[in-house]
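The values are calculated or read from the model by the stated rules, or taken from the named source; none is laboratory data. Please read all numbers here as calculations on a predicted model, not as lab measurements. Every residue, glycine as well, gets a Cβ built from its backbone with ideal geometry; the counts of neighbours run over all protein chains shown.
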């Protein structure tokens with residue numbers, strides 16, 4: 001199991017990779033890549049929202065991430081563990097609260113949005129590490145901070161693949 005510093009570095013690298021793709025995309029920023037799909041701006045906003053909301057989860061604050069009934073969490077935890085173990089993030093639909101209507105207006109705004117959201121998650125995860133506590137997720141139950149950060153990294157990488165670099 002990686003330590004938190006390594007997990008945070010990998011998550012930051014994933015965000016940096018997304019920023020690099022955003023800066024190279026030639027696809028129209030606010031145009032969905034296909035019917036029923038998100039625009040590059042919406043993909044970035046969804047990822048930024050997820051980083052911020054997961055920072056709230058780590059801090060034990062209310063979040064837009066759904067809280068599932070306690071008896072369903074062990075089932076969802078199986079999927080969480082598989083994602084963290086295999087590195088494969090499955091196709092899935094997000095909840096309505098995490099579905100962006102729009103996103104940052106430009107690549108430079110996307111950079112600032114992503115880095116700001118990442119900083120919030122990193123801060124809360126470091127605070128958890130200092131206190132010796134785990135993440136108490138309303139979706140997965142209690143998970144290690146390192147696994148929680150790894151899950152976020154994989155989520156960022158999953159969505160980076162959805163941003164077309166060229167038309």
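Is it true that some residue in segment 26-48 is in contact with a strand residue (DSSP E or B) (Cβ under 9 Å, 6 or more places away or on another chain) and either assigned to a helix (DSSP H, G or I) or modelled with pLDDT of 95 or more (or both)? Reasoning before the result, please.
Step one: of segment 26-48, the residues in contact with a strand residue (DSSP E or B) (Cβ under 9 Å, 6 or more places away or on another chain) are none.
Within segment 26-48, not a single residue is in contact with a strand residue (DSSP E or B) (Cβ under 9 Å, 6 or more places away or on another chain) and either assigned to a helix (DSSP H, G or I) or modelled with pLDDT of 95 or more (or both).
Out of curiosity, is residue 65 touching a strand residue (DSSP E or B) at 6+ places or on another chain (Cβ under 9 Å), surrounded by 12 or more Cβ atoms within 10 Å (Cβ to Cβ) and at pLDDT below 95? Walk me through how you get there before you give the answer.
Details: touching a strand residue (DSSP E or B) at 6+ places or on another chain (Cβ under 9 Å): yes; surrounded by 12 or more Cβ atoms within 10 Å (Cβ to Cβ): yes; at pLDDT below 95: yes.
Yes: the conditions hold for residue 65.
Scanning segment 40-58 for residues that are surrounded by fewer than 20 Cβ atoms within 10 Å (Cβ to Cβ) and either closer than 15 Å to residue 14 by Cα or over 15 Å from the mean Cα position of the chain (by Cα) (or both) gives a single hit, 46.
Could you grab me the full set of residues in segment 6-15 that are more than 10 Å from residue 157 (Cα to Cα) and touching a helix residue (DSSP H, G or I) at 6+ places or on another chain (Cβ under 9 Å)?
6, 7, 8, 10, 12, listed by residue number.
Checking 57, 47 one by one, the residue that is in contact (Cβ under 8 Å) with a residue 12 or more places away in the chain and farther than 29 Å from residue 32 by Cα is 57 and no other.
Residues in segment 99-113 that are at pLDDT 95 or above, in contact with a helix residue (DSSP H, G or I) (Cβ under 6 Å, 6 or more places away or on another chain) and either in a helix (DSSP H, G or I) or surrounded by fewer than 17 Cβ atoms within 10 Å (Cβ to Cβ) (or both): 110, 111, 113. Filtering segment 121-167 to residues that are touching a helix residue (DSSP H, G or I) at 6+ places or on another chain (Cβ under 8 Å), surrounded by 15 or more Cβ atoms within 10 Å (Cβ to Cβ) and part of a loop (DSSP other than H, G, I, E, B) leaves 134, 138, 139, 140, 162, 163, 164. For segment 12-23, the count of residues that are more than 13 Å from the chain's Cα centre (by Cα) and in a loop (DSSP other than H, G, I, E, B) is zero.
Taking the conditions (1) over 19 Å from residue 22 (Cα atoms); (2) over 14 Å from the mean Cα position of the chain (by Cα); (3) loosely packed, with under 12 Cβ neighbours inside 10 Å in turn, residue 92 satisfies each one other than (2).
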